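The values are calculated or read from the model by the stated rules, or taken from the named source; none is laboratory data. Only a predicted model underlies this, so the values are computations on that prediction, with no experimental measurement involved. Note: ideal-geometry Cβ built from the backbone for every residue, glycine included; neighbour counts use all protein chains shown. Ligands, DNA and RNA are excluded from the accessible area calculation, which covers all protein heavy atoms including side chains. Shrake-Rupley method; radii C 1.70, N 1.55, O 1.52, S 1.80 Å.
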Amino acid sequence: MSTDVKKREISSGMQRNINIAIAVVLVAILGFLFSKTRNVDFDAHNDVISNLRQLKQIDAEWNIDVFKSKMGINNNYDPVAQPLPVIRELATGLTQKTVETGESAELDTMLKSFQEIMAKKIAMIERFKSQNSIYRNSTNFLPTAYDDVIATAKRIGLSAARQAELEATVNPVFSETLSYNLTPDAALKDKLTQQLVTLRERAEQYPLEVKESIEVLIAHIGTTLKQQDIGASLLNELSALPTAKKIDELSDAYSKTHETRLLDQQFYRQLLIAYSVFLLALLGYLGWRLIRSYRQLGKVNGALTQANRELKESQMQLVQSEKMSALGQMVAGIAHEINTPLAYVKGTLDVMKEHLSKVHDLANSSHLFATSLRDKNADKNELNTQYLQVATLSHDVVKNKRFEELDSMLSDGTHGIGQISEIVINLRNFSRLDRASVANFDVRKGLDSTLLLARNLLKHRVTVQTEYLDVPDIMCSPSQINQVFLNIITNAAHAMGEQGTLILRTERHDEKMIRIEIQDDGGGIPSSVLPKIFDPFFTTKPIGEGTGMGLSISYKIIEAHGGKILVDTEKDIGTTFSILLPIQQKQAAAGIIEDDDPVDLQPA
Amino acid sequence: MLGGLLSVIAALAATISMGMAGQVLAQVNEPIKPIPLEMKLDERKVSLGEKLFFDKRVSEDGTIACFACHGYNTGGADRTPLSKGIRGQQGDVNAPSIFNLAFNSRYSWDGRNESLEDQIKKLMVNPKVMGTTWEKLTARLNGQADYAELFKSVFGEPATAKNIAEAIVAFERSLFTPNARFDKFLRGDKTAITEDEQRGYQKFKAYGCIACHQGVNVGGNMFQVFGVMGDYFKKRGNITTADLGRFNQTKNEADKHVFRVPSLRNVALTPPYFHDGSAATLDDAVDIMFQYQLGRPAPKGDKELIIKFLRTLTGEFKGKPLQ
């Protein structure tokens with residue numbers, strides 16, 4: 001490969017990579033725009049909004065339940081406790097959905113602040129429950145505690161005066177506590193706190209049991225006051241907690257982001273359309289270019305096909321003419337072969353004609369003499385001369401042994417004709433093989449009939465030795481293989497010049513192949529020529545004597561059979577062509593050189 | 001708002017009609033509500049959770065199953081003051097009952113777990129209970145042919161922290177004990193509890209136990225200081241971290257010694273009592289409640305009536321009264 005070609009390949013490789021990169025970028029842009037138009041998740045948005053709506057509703061109901069608990073309408077805290085898991089679930093759902101629909105910093109902070117407030121509310125309501133239950137408990141318990149004080153005093157037998165005094169001390173505190181519980185008022189609380197201190201001091205004056213019951217009452221009044229305060233501030237704080245507002249804000253924010261996303265989506269959709277148009281245009285341009293180069297390619301292709309067809313035609317012509325030249329040689333050989341016995345038969349016939357004219361004469365004079373003998377009026381002299389003539393002629397026939405001659409000439413003629421018919425049979429054999437293009441074939445027979453055809457070429461100067469080892473029949477096209485043999489043998493004969501020995505060998509090469517060797521002791525093939533001998537049109541013969549196609553065709557034939565031709569040559573020692581041929585053909589190797597409509601050598 | 005108003009009206013109407021019709025109607029406006037008779041649950045998850053609940057392979061060293069501390073025959077708890085976890089380690093608190101958890105709104109004594117899922121997630125890795133890690137546990141379960149197959153068929157995937165918790169929680173929700181005699185009473189069967197028991201209930205309400213122990217679970221839905229009206233811990237002494245209660249989580253002074261008000265469902269079956277397991281009998285527990293939550297001594301007769309009432313809270317599990 002020349003460096004130029006290499007460079008071109010490298011740069012075309014680079015070009016390809018760049019093209020791929022450009023295509024990837026274009027597709028990536030398309031994908032990006034496409035994803036941007038998919039970006040808005042309506043379901044998730046609807047979920048978020050309905051989630052928020054539920055939250056708002058539950059939050060509102062929760063407030064009512066807290067209020068009902070405060071007012072003592074709810075007598076247990078299950079309604080206040082139950083929203084907890086629901087709120088938690090909704091809040092986590094909200095966070096998840098926010099992540100799904102795509103976060104935004106603003107939403108994130110709002111969500112966080114909402115969750116903080118919600119957590120605060122949850123904690124406050126926990127406190128409210130604790131506080132409210134204790135407060136209500138103590139409030140409920142106050143009358144019992146008050147009754148207890150009075151009853152204890154009675155039970156332990158406190159004097160009526162002291163009982164009355166006790167009642168007068170405890171009663172105002174008790175009733176003012178009750179009214180404080182109804183209308184909590186700071187002034188009243190101060191007053192009550194003061195009264196409780198006094199009451200605790202006074203309690204010391206009473207017997208232990210009474211004192212203890214007063215202390216229980218004081219403890220519960222204290223609890224009431226304290227829890228009332230805590231409760232009031234808790235409820236104040238609770239009602240100040242802007243959960244509903246936060247939820248509304250969140251809803252607004254979600255809707256706003258959703259809207260912006262929709263706008264974004266619209267924008268990207270338009271961008272996508274523009275981009276698609278651009279891509280389409282690009283594709284159109286590329287398509288146009290492709291069609292153009294296809295057309296060019298088509299033109300070039302047409303020209304090439306034309307050239308190829310012409311080349312093939314001329315190759316076919318060459319193959320034909322090679323075959324004709326081989327045929328010509330063969331025909332010359334055959335003509336010569338036939339000529340010899342033919343001349344011989346002709347000579348014999350000529351001599352026979354001579355002999356037969358004498359016999360003809362004898363027959364004529366004998367006939368004349370016989371007719372004259374029957375004739376009563378025949379002249380004696382005439383008879384005498386006729387007799388003498390017959391005698392002379394028959395003497396000549398007998399003495400010259402003309403009949404024996406004729407006889408032997410007849411058998412000579414028959415022999416000559418036999419030789420001719422032998423040649424014809426051979427020819428017929430050679431040609432009959434042509435009928436089936438692939439057949440079981442004994443290469444030894446092929447070699448023999450080829451030798452016969454080439455006899456003219458070899459006769460007198462070339463000694464032929466055959467060293468055939470047993471080989472199996474092979475599947476092949478016999479006519480083509482014979483053509484190869486003829487070709488190589490002809491070449492060998494030419495190579496050997498005046499005198500030489502041609503050795504033909506057959507042997508089993510291995511399991512699958514047989515080997516045929518054709519060895520001459522000619523001058524060998526010069527090393528400058530050796531690499532070219534199988535090239536088409538290569539010939540060392542003078543113009544007009546060979547086409548230069550012989551070995552090239554032979555090579556193709558053997559190759560097409562799945563075999564090999566090997567050449568082993570040494571200067572002044574000779575050349576050996578080894579042909580390896582498979583015993584079985586992989587597939588029916590018909591039409592090995594395609595043009596063959598085989599030349600029919602069979603006599604009509 | 002409207003819904004709230006309506007329910008107020010409904011409640012009022014019910015109270016009035018109850019007053020008019022006598023005892024035949026269900027006691028609709030009582031602060032204690034009956035446990036529902038049925039719950040909808042995914043049975044496949046429940047039975048997988050059940051298998052895990054009884055399986056010692058769940059603990060790190062394979063020695064202990066949930067059942068050890070939450071036995072069916074011991075009211076869903078273990079009748080020891082402080083439960084022993086793997087390698088005989090003593091826990092910090094008493095084991096609460098595994099029954100009726102679905103009706104609590106907070107879990108654990110100090111209420112630190114907002115859901116059963118939270119609870120199970122922490123419990124598995126608690127070195128004093130199961131002492132394992134979720135990686136180890138999932139790997140172990142997925143390595144067992146029986147579990148691998150079960151998880152595949154129930155969840156369509158191998159065991160994960162999430163689905164293990166899901167199965168166990170489903171099972172826990174299936175452990176509810178309806179039809180306590182008191183529930184039958186609430187549903188309108190006046191003869192379901194005795195006169196004394198009814199009086200006990202009246203006392204329970206009158207003394208204010210009901211302020212904290214109310215709702216379906218007779219507790220379990222709020223926090224309270226243990227020692228509202230007196231310092232229980234000062235009296236008991238030897239204060240531990242666990243005694244700080246909710247404070248451990250919030251670090252808020254106001255949450256010191258704050259605990260979840262426990263459910264009193266099946267309470268008769270789960271001695272000893274309190275988070276520290278310090279009250280050996282119901283009698284002791286009610287005494288302490290009187291003293292520290294109500295700020296008054298318990299009159300003996302009333303206390304006994306209350307205890308009688310508490311015993312009517314024992315329900316049925318799978319149709320049989322709990323023992």
Would you be able to tell me the number of residues in the stretch B:189-208 that are outside any loop (DSSP other than H, G, I, E, B), open to solvent by less than 20 Å² (accessible area, probe 1.4 Å) and either within 13 Å of chain A (Cβ to nearest Cβ) or touching an Asp or Glu at 6+ places or on another chain (Cβ under 7 Å) (or both)? 1
Since B:F182 meets every condition but one in (1) open to solvent by 10 Å² or more (accessible area, probe 1.4 Å); (2) outside the structural domain of B:M124 (by TED's automatic domain parsing); (3) in contact (Cβ under 8 Å) with a residue 60 or more places away in the chain, which condition does it not meet? (1)
Taking B:K303 as the residue in question, decide whether it is surrounded by 19 or more Cβ atoms within 10 Å (Cβ to Cβ) and in a helix (DSSP H, G or I). yes
Among (1) crowded, with 17+ Cβ neighbours inside 10 Å; (2) closer than 18 Å to A:F577 by Cα, there is one condition A:T466 misses while meeting the rest; what is its number? (1)
Look through B:V218, B:V228, B:V169 and report the one residue that is part of a loop (DSSP other than H, G, I, E, B) and either open to solvent by less than 20 Å² (accessible area, probe 1.4 Å) or away from every other protein chain (no Cβ under 12 Å) (or both). B:V218
What pairs can you find where one residue is in the stretch B:253-269 and under 20 Å from B:I239 (Cβ atoms), the other is in a helix (DSSP H, G or I) and open to solvent by less than 30 Å² (accessible area, probe 1.4 Å), and their Cβ atoms are less than 8 Å apart, with a gap of 6+ or different chains? B:H257/B:Y232; B:H257/B:F233; B:H257/B:D243; B:V258/A:S130
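Here's the yes/no breakdown for (1) without any contact (Cβ under 8 Å) to a residue 12 or more places away in the chain; (2) assigned to a helix (DSSP H, G or I); (3) of a type in the set (K, R):
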{"site": "B:E60", "(1), (2), (3)": "no, no, no"}
{"site": "B:I64", "(1), (2), (3)": "no, no, no"}
{"site": "B:N73", "(1), (2), (3)": "no, yes, no"}
{"site": "B:A77", "(1), (2), (3)": "no, no, no"}
{"site": "B:P81", "(1), (2), (3)": "no, no, no"}
{"site": "B:D118", "(1), (2), (3)": "yes, yes, no"}
Quick check on this structure: which one of A:L178, A:L182 is open to solvent by 50 Å² or more (accessible area, probe 1.4 Å), of a type in the set (A, V, I, L, M) and over 21 Å from A:E215 (Cα atoms)? A:L182
Any chance you could count how many residues in the stretch A:123-149 are more than 30 Å from A:R88 (Cα to Cα), more than 9 Å from chain B (Cβ to nearest Cβ) and open to solvent by 10 Å² or more (accessible area, probe 1.4 Å)? 4
Among the residues of the stretch B:257-277, write down those that are away from chain A (no Cβ under 14 Å) and in contact with a Lys or Arg (Cβ under 6 Å, 6 or more places away or on another chain). B:A268
Determine if the stretch B:286-299 includes at least one residue that is open to solvent by 30 Å² or more (accessible area, probe 1.4 Å), over 28 Å from B:K184 (Cβ atoms) and among the aliphatic types (A, V, I, L, M). yes
Counting only residues that are farther than 12 Å from A:H220 by Cβ and open to solvent by less than 40 Å² (accessible area, probe 1.4 Å), which one in the stretch A:151-175 is nearest to the other protein chains (Cβ to nearest Cβ)? A:T152
Mind checking which residues of the stretch A:67-78 are within 11 Å of A:K129 (Cβ to Cβ) and either buried (at least 21 other Cβ atoms within 10 Å of the Cβ) or at the interface with chain B (Cβ under 7 Å from one of its Cβ atoms) (or both)? A:S69, A:N74, A:N76, A:Y77, A:D78
Condition check: facing another protein chain (nearest Cβ under 10 Å) and either modelled with pLDDT under 90 or within 30 Å of B:E30 (Cα to Cα) (or both). Does A:A105 satisfy that? no
Test: residue in the stretch B:238-245 that is open to solvent by less than 20 Å² (accessible area, probe 1.4 Å), within 13 Å of chain A (Cβ to nearest Cβ) and farther than 30 Å from B:N73 by Cβ: no
(1) within 22 Å of the chain's Cα centre (by Cα); (2) closer than 20 Å to B:L282 by Cα all hold for B:Q249 apart from (2)
Across the stretch B:85-119, which residue is nearest to the chain's Cα centre (by Cα) among those that are within 14 Å of chain A (Cβ to nearest Cβ) and charged (D, E, K, R)? B:R106
When only residues in the stretch A:376-401 that are open to solvent by less than 80 Å² (accessible area, probe 1.4 Å) and modelled with pLDDT under 85 count, which is nearest to A:N339 (Cα to Cα)? A:N400
Which numbered condition in (1) of a type in the set (A, V, I, L, M); (2) within 12 Å of chain B (Cβ to nearest Cβ); (3) open to solvent by less than 50 Å² (accessible area, probe 1.4 Å) is the only one that A:A44 fails? (2)
